[in-house]
1. Can you put V295, V120 in order of Cβ neighbours within 10 angstrom, beginning with the fewest?
2. As I understand it, the value is the acute angle between the Cα axis of helix 247-272 and the longest principal axis of the Cα atoms of the chain; what does it come to in degrees, rounded to 10?
3. Once Lys and Arg get +1 and Asp and Glu get -1 on their Cβ, which of L277, A240, L223 lies farthest toward the positive end of the dipole of the stretch 197-424?
4. Mind listing which chymotrypsin sites (Phe, Trp or Tyr not before Pro) in the stretch 48-124 are in a DSSP loop and have 13 or fewer other Cβ atoms within 10 Å?
5. Past 29 Å, Cα to Cα, is the threshold; run K188/K398; K191/K276; K148/K171; K147/K171 against it and keep the listed order.
6. Could you please report the charge total around G23, scoring K, R as +1 and D, E as -1 over all other residues with beta-carbon less than 15 angstrom from its beta-carbon?
7. For the chain, what is the calculated [θ] at 222 nm in deg cm²/dmol (nearest 500), taking -39500 (n - 2.57) for each run of four or more DSSP H residues and dividing by its residue count?
8. What's the whole-number percent of alpha carbon pairs in the stretch 197-424 lying beyond 26 angstrom?
Amino acid sequence: GVLAAELGCRIQLVISAAYFAVGAALCAFSTGVGMLIIGRFASGLGLGISAIAGPLYIAEISPRERRGNNAAMHGVFITLGILASIAFGIPQAPPPADAAHPLEGLNAWYWRGLLGFPIVLAIIQIVWFLWVYPVDPPSLLVNRENKKEARKTLYKIYGAAPPNEINMNDKAQAALELQLNDLEEATKLAKGVPRIRVVQAMCDPFLRTAVFLGVGLAAFQQLCGINGLMAYSNSLFAEAGIPPMNLTLASTAMACANVAASVLSSRMVDRWGRRKLLFSGSFCQTLAMALLIMVTDEKYSWLLPAGDQGVAAVVCFTVFVMSFSFGLGAVTWLYLSEIYPMEIRNPSLSACGVINWLASFVVVFGTRFLSLKEACRVFGTICLLGCLSTYIYVVETKGCSMDDSPLTPRSGRSASPLLTPAALNSPRAHYKQMEEGESDDDSEPEDKKPLAVRAAAGR
């Protein structure tokens, strides 16, 4: 949250790429387990930054009518990365049975190349954002009081050149100027409000719905079980009856289907909207888990010919992964970037990121102790609850302004004690101004000071 407010998403992505490069280098040239752990930790820091900054940056530099499509492409390339990682691992032979058997042949060095390859991608990203495409979002430029550059960037986003003179009779120009004025108004309002913590926003009657919905959606994205099932897919496939020689093939087929679902979602998100994709995706995940329970349960063995349970399990598992990519995988972070007003967007997204990764840790760590049937029951139940919650609580945000969403409309700010002008006259705000030297008790009329401040002075 602090990085986003001070540096902007573009510089955050540069920093995350630097972490990726350092982490990959440490892993590729590691001489022991300790060095590997440090390298993976550095890569994890980069991932923690980019997982939030990437979707937000895409959303901020996209036209409203294409914001969903562009942001969903982030998910498409994640699935392509998963597919590539599986494909790159195919040349490797199975690992040795124990530490007494050393790595031989290709296995002796190939793993270093795989772990070091992100260095190339990180350097490309750093060069791209610093020299090839050093473009900051209009909202950040307005916040830095660089309206001229903000107008230039906004027109560029919509494929137009900024005119020398503004013609408000031109509908296209008028729409862009109105959008720029909206950004200025939102920035002015945000600057007039003291920094708001997530805990404070949770207690605010106007902001709490967006905060709790965002945190819940971020948790649901991981608690549905996607990372746990993906991490242990080979062992779960083996338990379902897939022969060992076909495990990699099954994982590759699942990854290909994952890419296809992500591409489809990117095409549909601006047509169907966010709510429909989230609901339909979680509904299909629930259905896939229910079917997976049936095909792996001996009670329902009569439904399938003998020996086909393994294939049916892979199909159900693939449908589950595709449904995730179609809904939660493609839409979650786009939706979260749209529901928060500027005053709490960065800290709220950071809180969502923390909850998301904690949920991922719980799922991946806990799945190892579950059998296939137990995992399906647990995650199927969570998917059902998430599906119902999505239907009840999620509000459509397609085409809305990022600073005037249906959950936190600008017209409703008067309901928020934290966002209304009255909040600026609070003792907390007054003390903060005094600490920063922005106001002085001697220069301010006594009757204009907050009551609590006058009472404290009297004591």
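Just so it is clear, none of the values below were taken in a lab; they were calculated from the coordinates. What you are looking at is a predicted structure, and each value in this text was computed from that prediction instead of being measured. Don't worry about glycine lacking a Cβ; one is built from the backbone with ideal geometry, like all the others, and counts go over all protein chains shown.
1. Final ranking by Cβ density, sparse to dense: V120, V295.
2. So the inclination is approximately 30 degrees.
3. L277
4. Within the stretch 48-124, the qualifying chymotrypsin sites (Phe, Trp or Tyr not before Pro) (loop, at most 13 other Cβ atoms within 10 Å) are W109.
5. Violating the 29 Å Cα-Cα cut-off are K191/K276.
6. Every neighbour counted, the sum reads +2.
7. About -22000 deg cm²/dmol.
8. Here the tail beyond 26 Å accounts for 41 percent of pairs.
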